[in-house]
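First up is the structure itself, then whatever we jot down about it.
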């Protein structure tokens with residue numbers, strides 16, 4: 001199928017697949033730390049007793065501290081998700097340390113642990129699982145290094 005004729009919803013299939021795989025894996029995700037070394041597994045907090053639903057919010061291209069992002073963040077919060085999974089472009093324009101707290105922390109600190117920003121207390125366990133997009137890592141040959149408060 002020619003990319004130009006592909007239905008718009010097709011591009012969201014990988015994000016949905018990732019979300020389904022996370023649930024099927026018991027909400028445990030392997031990851032690499034900043035040095036590229038495999039880290040310990042992260043796990044979502046247990047669901048409340050009697051709950052048979054795991055609710056994930058999957059978002060992308062959101063990382064600009066403006067009213068549309070605030071509106072999306074309010075919508076996400078209204079869903080009361082167990083976790084937020086991002087599909088990239090979390091921190092516009094270039095993924096810098098100077099913009100990460102306003103672009104991400106201001107709107108999603110309630111899901112982030114440990115949260116080290118200035119917009120709230122943060123979560124008691126991590127429920128924010130970002131994927132890096134091209135706007136999250138623009139550097140000159142890796143310098144400066146990526147900010148790592150919650151990415």
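The values are calculated or read from the model by the stated rules, or taken from the named source; none is laboratory data. Just so it is clear, the model here is predicted, and its values are computed rather than measured. In this analysis, Cβ positions are derived from the backbone assuming ideal geometry, glycine residues included, and neighbour counts consider all displayed protein chains.
Please go through the range 62-107 and give me each residue that is touching a strand residue (DSSP E or B) at 6+ places or on another chain (Cβ under 9 Å) and within 14 Å of residue 135 (Cβ to Cβ), ordered by number.
62, 63, 86, 87, 90, 104, listed by residue number.
Pairs only if they're at least six apart or on different chains, beta carbon under 7 angstrom, first in the range 125-138 and more than 10 Å from residue 89 (Cβ to Cβ), second at pLDDT 85 or above and in a helix (DSSP H, G or I); list them, first residue then second.
127/111; 128/108; 128/111
Which condition does residue 83 not pass, out of (1) at pLDDT below 90; (2) buried (at least 19 other Cβ atoms within 10 Å of the Cβ), if it passes all the others?
Only one criterion in (1) at pLDDT below 90; (2) buried (at least 19 other Cβ atoms within 10 Å of the Cβ) is unmet by residue 83, namely (1).
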